[in-house]
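The values are calculated or read from the model by the stated rules, or taken from the named source; none is laboratory data. Quick caveat, the model's predicted, so the values are computed rather than measured. FYI the Cβ positions are ideal-geometry reconstructions off the backbone, even for glycines, and counts take in every protein chain you see.
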Amino acid sequence: MKKYNLLQEQILQLKKEKNAVIVAHTYQSKEIQEIADLVGDSLQLSQFCANDSSQLIVFCGVHFMAESAKILSPLKTVLLPDIHAGCPMADMVTASDLIEFKKDYPEAKVVCYINSTAKVKAISDICCTSSNAVDIVKSLKAKQVIFVPDQNLGRYVSTFVRETEFIMWNGFCSVHNNLKASDILKLKETYPSALVAMHPECQEEPIKLADFVGSTKAIIDYVLEQEHDEFIIATEQGIIDRINMLDPSKKLHLAGKCLLCKNMKKITLEKVKAALEENIYKVEMDENIMNQARGSLVRMLEASR
Ligand code: 13P
Ligand code: SF4
């Protein structure tokens, strides 16, 4: 039987009373992951929220993730326990800038990473996550694609879709973008038998040194499936807790001190409890925007089946 602390017990009791479901991204702290009904990457969380029957979702992640859950399930109540838990990369592209930019590429399809605002999703042709981006772009069979906002993910995906010209937005995730190839080289020297698993939000030079590149779910699956027991993990540190919970025998080394997403860590047990008690903070948005943004997300979910 799992042992919970008092706060966790109280949250689980409230969750039961309110018929709520708690979902958590893999970057959440261990104590949050422990009380979640589902811990997953962006794609898994969207799929789960779209299909689950619970009318109250407590979303332990960042704003664009909770917003996507609300867009996909407009009749459900979606709570984000800290309204300031945002993703700075999602704010690196605005709808008005994108509309202006598109004028120079009238034939291009717009693919937006799920790490974007509802307004940007509303004017994009399709959404993608790091786990389905290659398939999504391929499915478009487009001559030209404007990829927003993550230039690192866009560049990585472009290496698998040579038939399409990519026009990159210049956004990035500072957590992953700050990781240097020299950090990886040093760690490889210290742990010569470790395999390197990396998120595609990292820059091109470190990616060249990786044994595996994938979404947070793909990284977890890769580490668990390998007979190998030692890994250098090049993504946000919450994933280390996740892997340890699933298989404590794996020896994991975080690739750099920069790999901490302060926004993800704004969600705490205290705030989750307050969210359930006070019904805060409800994710809401303009209905027209929400309806338009749904198209991009639904097209993505259909293409990822
Ligand atoms: P995943 O979709 O791989 O979970 O990534 C989300 C994210 O924000 C990575 O920084
Ligand atoms: Fe955004 Fe980067 Fe945090 Fe992911 S790790 S939520 S991309 S800031």
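In table form, for the structure just shown:
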quantity	calculated
Segments classed as helices (runs of 4 or more DSSP H), wholly inside segment 1-109, with at least 2 members that are surrounded by 18 or more Cβ atoms within 10 Å (Cβ to Cβ) and not small (Gly, Ala, Ser)	6-17, 30-35, 42-51, 63-72
Where a residue in segment 25-52 is closer than 10 Å to ARG242 by Cα and within 15 Å of ligand 2 (Cβ to nearest atom) and its partner, wherever it lies, is of a type in the set (Asp, Glu) and assigned to a helix (DSSP H, G or I), with Cβ under 9 Å and at least six apart	THR26/ASP241; GLN28/ASP241; SER29/ASP241
Residue match in segment 200-207 (condition: under 25 Å from SER249 (Cβ atoms) and either outside any helix (DSSP H, G or I) or among the charged types (D, E, K, R) (or both))	no
Only one of ALA108, ALA24, ALA36, ALA69 that is modelled with pLDDT of 95 or more and within 15 Å of VAL283 (Cα to Cα)	ALA69
Some residue of segment 101-108 being within 16 Å of ligand 1 (Cβ to nearest atom) and either basic (Lys, Arg) or touching a strand residue (DSSP E or B) at 6+ places or on another chain (Cβ under 9 Å) (or both)	no
Whichever residue in segment 110-119 is touching a residue at least 60 places away in the same chain (Cβ under 8 Å) and buried (at least 23 other Cβ atoms within 10 Å of the Cβ) and, among such residues, is farthest from the chain's Cα centre (by Cα)	ALA118
Selection status of MET65, farther than 23 Å from VAL23 by Cβ and within 16 Å of ligand 2 (Cβ to nearest atom)	no
